[in-house]
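The values are calculated or read from the model by the stated rules, or taken from the named source; none is laboratory data. These numbers were taken from a predicted model, which means no experiment stands behind them. Every residue, glycine among them, receives a Cβ derived from its backbone with ideal geometry; neighbour counts consider all protein chains shown. Only protein heavy atoms, including side chains, enter the accessible area calculation; ligands, DNA and RNA are left aside. Shrake-Rupley method; radii C 1.70, N 1.55, O 1.52, S 1.80 Å.
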Amino acid sequence: MTVTSNTASETRQRAALRIIHEMRDMNERLVEEANLVSREMMDVAITWHELWYQGLEDAANLYFTDKDVDGMLEKLDELHEHWSSRLITSDDSIVVAEATEP
């Protein structure tokens, strides 16, 4: 349900959020733990490269196809917020250091 709540399909997203809301009423801690596990699984399943590539592709489509500058900027902000809000592991630090070397 937590993965489906992030889908692009509004119908599926509304249905998943409704179910999650009802589940939260029954056991809030369980839902929060499921959200945490879901986020962590997505983080380890999707590499930085894949996330940025998809995000940049989505932003480019918003700009070039839909002529939506605000949507493009919002998508790019989402990418930056996603990674700046995550804890950086020692392996991540090595990748960042190597990528920023002259």
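Evaluated against (1) farther than 18 Å from Leu79 by Cα; (2) in a helix (DSSP H, G or I); (3) at pLDDT below 90; (4) open to solvent by 70 Å² or more (accessible area, probe 1.4 Å), Glu22 falls short on exactly one condition, (3). Within segment 25-56, being modelled with pLDDT of 85 or more and among the basic types (Lys, Arg) holds for one residue alone: Arg29.
Output the number of residues of segment 63-86 satisfying the condition of being in a helix (DSSP H, G or I) and either touching a Phe, Trp or Tyr at 6+ places or on another chain (Cβ under 7 Å) or under 17 Å from Trp52 (Cβ atoms) (or both). Going through segment 63-86 one residue at a time, the tally reaches 15.
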